[in-house]
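Structure record follows, encoded as structure tokens.
The values are calculated or read from the model by the stated rules, or taken from the named source; none is laboratory data. If you're wondering where the values come from, they're calculated on a predicted model, not measured in any experiment. Cβ placement follows ideal geometry from the backbone for every residue including glycine, while neighbour counts extend to all protein chains displayed. Remember, those area values only see protein heavy atoms, side chains included, never the ligands or the DNA or RNA. Shrake-Rupley method; radii C 1.70, N 1.55, O 1.52, S 1.80 Å.
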Amino acid sequence: MNEIEAYLLQKEFNRVFPQYKIEEMLGHGNFGTAFLTENNNVIKFTLDPGEVSTCKALRGRQNLNLCNIVAVDKFYFKFQKRSYAWILQERLFVNPDGQSKMKDSLYDFKHAWFTLFAGPISPMSNDDLQILYRSNKTLEIDRTRELLINYIDHLNEDESHNRGLTESEIRTRKEDSLEFFDFINDAYHELVSICPSGKIDFNEGNFLFDVNGKMKVIDFQSTDI
């Protein structure tokens, strides 16, 4: 969606739904565009049916690890002659310090699963990882957590890093990565308890922070669609 289309959508939506007045565009991705509303929520217009399905299940709940969803509805955009689903949700923020830690932690999380747990003979896909979490495979999750700890304890021996980290830096890296690893586990428990078909996209842009600095998952998908 270009700037002109976004402007026209904003005008048309505000006329049809004045109670959710859009003020400005925040950004856009592969499936939709997000806007800031007058009351400091976010409205996302999306073409992703999986996201819509999961957000409908989350709607109206106060979530600990997942973005709160206020409302889900449809809107026909006359200019494009296309129907969008729109999702009114809690506004989350980029936290510079938090994003930097999360980026390293997400790298360690993926390395632990896709390299250390899977090994060179049995490659694992993102879908395989989703199944492990959705099925609550405790033994596999606990084993990978231990692999993560061992990996970070010996990070200076990893030729791909070779950064000469201090003991304090290693300790902090381990604490941050374990906190993220446990966050994903908690987020999946919360998501699947509400929406059994829900899944998390492990993209760094999908982890933002609420007004209190608590990290939350901002984007959702579904295994059913």
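Would you check which residues across the range 160-206 are over 16 Å from Leu64 (Cα atoms), in contact with a helix residue (DSSP H, G or I) (Cβ under 8 Å, 6 or more places away or on another chain), part of a helix (DSSP H, G or I) and open to solvent by 40 Å² or more (accessible area, probe 1.4 Å) and list them?
Lys174, Glu204
Could you tell me which of the residues Thr54, Thr46, Thr115, Thr138 is surrounded by fewer than 13 Cβ atoms within 10 Å (Cβ to Cβ) and hydroxyl-bearing (Ser, Thr, Tyr)?
Within the list Thr54, Thr46, Thr115, Thr138, the selection yields Thr138.
Taking the stated definitions as given, is Gln62 over 19 Å from Leu92 (Cβ atoms) and out of contact with any Leu (no Cβ under 8 Å at 6 or more places or on another chain)?
Spelling it out, it is not the case that Gln62 is over 19 Å from Leu92 (Cβ atoms) and out of contact with any Leu (no Cβ under 8 Å at 6 or more places or on another chain).
Kindly indicate whether Arg61 is more than 30 Å from Thr144 (Cα to Cα), in a loop (DSSP other than H, G, I, E, B) and either free of Cβ contacts under 8 Å to residues at least 12 places away in the same chain or within 15 Å of the chain's Cα centre (by Cα) (or both).
So Arg61 fails the test.
Given the conditions (1) closer than 18 Å to Phe77 by Cβ; (2) outside any strand (DSSP E or B); (3) among the polar types (S, T, N, Q), report the number of the one that Thr33 does not fulfil.
Of (1) closer than 18 Å to Phe77 by Cβ; (2) outside any strand (DSSP E or B); (3) among the polar types (S, T, N, Q), only one is false for Thr33: (2).
If the requirement is being closer than 21 Å to Tyr188 by Cβ, loosely packed, with under 14 Cβ neighbours inside 10 Å and over 18 Å from the mean Cα position of the chain (by Cα), which of these qualifies: Glu146, Glu157?
Exactly one of Glu146, Glu157 is closer than 21 Å to Tyr188 by Cβ, loosely packed, with under 14 Cβ neighbours inside 10 Å and over 18 Å from the mean Cα position of the chain (by Cα), namely Glu146.
If you check Leu155 against the conditions, is it free of Cβ contacts under 8 Å to residues at least 12 places away in the same chain and among the hydrophobic types (A, V, I, L, M, F, W, C)?
no
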